[in-house]
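The values are calculated or read from the model by the stated rules, or taken from the named source; none is laboratory data. Not measured: the values here are computed from a predicted model. Positions of Cβ are backbone-derived with ideal geometry, glycine not excepted, and every protein chain shown enters the neighbour counts. Note: accessible area is taken over every heavy atom of the protein model, side chains too, but ligands, DNA and RNA are not part of it. Shrake-Rupley method; radii C 1.70, N 1.55, O 1.52, S 1.80 Å.
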Amino acid sequence: MNLYLFQNDLRIHDHPLLKKAMDQGPVIGLFVFDAIWFKDNQFGFQKKSNHWLSFIYDTLLDLNKQLHTLNIPLLAKKGNFNDIIKTLISDYSIDSIYYEKLPGDEERKRYDFISTLNIPTYHEEMKPLCKSHLLPFSIQNLPFVFTQFRHQIERLYVDFKESEPLVPQSKITIESDIPNLNDLNILQTTHYIKPGESEGLKHLSQYLFSHQLAKTYKDTRNGMLDFNDSTKFSAYLSIGALSVRRIMNEVKKYELNYVKNDSTYWIYFELLWRDYFYFVHKKYDNRIFNQEGLAQYHHTSHNPHYITAWKEGKTGYPLIDANMRQLVQTGYMSNRGRQNVANFFTKFLNQDWRIGAALFEAYLIDYDVSSNTLNWLYNAGLGNDPRENRMFNYITQGERNDKNCKYLDAFLPELKKVPIHLKYKISELLEQERVSYGIQNYPRPIKKVTKS
Ligand SMILES: Cc1cc2nc3c(=O)[nH]c(=O)nc-3n(C[C@H](O)[C@H](O)[C@H](O)COP(=O)(O)OP(=O)(O)OC[C@H]3O[C@@H](n4cnc5c(N)ncnc54)[C@H](O)[C@@H]3O)c2cc1C
């Protein structure tokens, strides 16, 4: 019996490794809810929030439906990864294990354990658009700056070939087994993005063809409030409910049949960032988790008051507070928001980026270890950003990207009475102005911007 270990590849379309496993004989699937996801991390909060867990759970339910059409049973287990694998191997006479080898510390520990079991294992790289062996340089020679990487990749002819569709295997006697939410200690939540491969494929088709949004992506992508401001592919990509090759093939079809412009290109451009950070992670491995990141040194303070205010959306800076509240309430934040709150936390408050990254890991439904860690390092000036000391202006960033303040109204309703032209400037208001707008209870700025 072949065991397929599902990780961030919860789909059946464009799945070359599952195909390989099925070609070799009967397959059962496994997904592990690792016990460590339910425990506190080193910074004192649960490693994975209920938002994320519930999103994954519903994605798995959809995967189970898809696998059922292929006669593949899916087992979902909660507990210690090593114990689960050991038991399964003897219970189901497993003679080979298939899984994608992903970069990451937790992943590495899993793979190291599997390698002690003396069972043949099979792998295939599925995550990036451009697979490692097609790169025009070795991973060790990966350019340090994204633009150089992009230029070299764009010169290549990259075929986004998908794997052939899967054909059902003969029925086997093993039944799927997915515990219920209570057994897993997860609460059902409403999702900002609808989970699962079926929804992902539907969303991709609607985004491109029914709603024709790709042709304006570049103009809208910095918006923070509207669902259609950006593609919302990330949550499907991070758990593999959508394959990145499928996305690009559909974008190409759209370009061929409708419009090809700067905006449609920009979707590809952003997906290249995803590839880039995946390769940077492969190159530097666990070094990316060090406090100094890819730099030589770091200079941070530890201020529990700042950290709590930031986490709770109570810094007194409306742009930051609205974004942090959105993260905790929905499990999503726009790219513009992420850049601002990360910049604020690391460059203005001078706090350890790893705390911010861990909070994002807990809440983001599109959490991806490489993209999250390396975007944090980039924004903290400790990663692949040549412009180390870039500090944002949190007032103009808000005013520019939320012109009528609808985003603030959605997440900071206590500011509704403040006139639009002053909303993002609240951190600069005098006490009597705060009183006149009835916002005495909204926090005063935890730290004042020093004007140069
Ligand atoms: C501090 C910080 C943390 C982040 N953490 C994550 C994370 O954990 N997971 C994640 O997928 N993205 C992360 N990003 C990148 C980016 O913010 C999200 O991919 C994007 O906001 C998701 O929304 P979307 O799918 O609508 O993006 P779109 O703007 O529609 O972009 C299309 C796709 O391109 C990719 N992409 C876009 N921007 C980036 C980027 N800067 N880096 C890598 N890939 C990108 C994503 O796969 C995204 O789905 C982070 C960015 C910052 C600044």
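Hydrodynamic analysis of the stretch 2-122 uses the Kirkwood radius over alpha carbon pairs. Inserted into Stokes-Einstein at 20 °C and 1.002 mPa s, it gives a translational diffusion coefficient of 141 µm²/s. Taking the Cα centre of the stretch 2-122 as origin and assigning +1 to Lys and Arg Cβ atoms and -1 to Asp and Glu Cβ atoms, the resulting dipole is close to 100 debye. Using 0.36 nm per residue and subtracting the Cα-Cα separation, the extra length available between Lys403 and Ile119 on full extension is 96.4 nm.
Here is the list for the stretch 365-450: trypsin sites (Lys or Arg not before Pro) lying in DSSP coil, each with at most 13 other C-beta atoms within 10 angstrom of its C-beta, are Arg387, Arg390, Lys403, Lys416, Lys417, Lys448.
If R0 equals 41 Å, the separation of the Cβ atoms of Asn185 and Arg155 corresponds to a calculated FRET efficiency of about 0.25. The GluC sites (Glu not before Pro) of the stretch 347-406 that meet both conditions, a loop assignment by DSSP and at most 14 other Cβ atoms within 10 Å of the site Cβ, are Glu388. How big, in percent, is the set of alpha carbon pairs in the chain lying more than 30 Å apart? Tail of the P(r) past 30 Å holds 48 percent of the pairs.
Ordered by solvent-accessible area of protein heavy atoms (1.4 Å probe), largest first, the residues Thr69, Thr173 come out as Thr173, Thr69.
What pairs in Lys127/Lys194; Lys20/Lys131; Lys48/Lys311; Lys101/Lys282; Lys171/Lys202 have C-alpha atoms more than 19 Å from each other? Working shown, then result.
Numbers: Lys127/Lys194 21 Å; Lys20/Lys131 17 Å; Lys48/Lys311 15 Å; Lys101/Lys282 11 Å; Lys171/Lys202 28 Å.
Exceeds cut-off: Lys127/Lys194; Lys171/Lys202.
Placing a pseudo-label 7 Å from each Cα along the Cα-to-Cβ vector at Ser138 and Ser176 gives an inter-label distance of 4.5 nm. Please give every one of the lysines within straight-line cross-link reach of Lys403, meaning a C-alpha to C-alpha distance under 21 Å, and leave out same-chain neighbours fewer than 8 residues apart. In chain and number order, the partners are Lys218, Lys416, Lys417, Lys423, Lys425.
Helical runs assigned H by DSSP (4 residues or longer) give the chain a calculated mean residue ellipticity at 222 nm of -12500 deg cm²/dmol, each run adding -39500 (n - 2.57) before division by the residue total.
Of the trypsin sites (Lys or Arg not before Pro) in the stretch 150-225, the ones in a loop by DSSP (not H, G, I, E or B) with at most 12 other beta carbons within 10 Å are Lys161, Lys171. Surface calculation, 1.4 Å probe, protein heavy atoms: Phe144 sits at approximately 90 Å² accessible.
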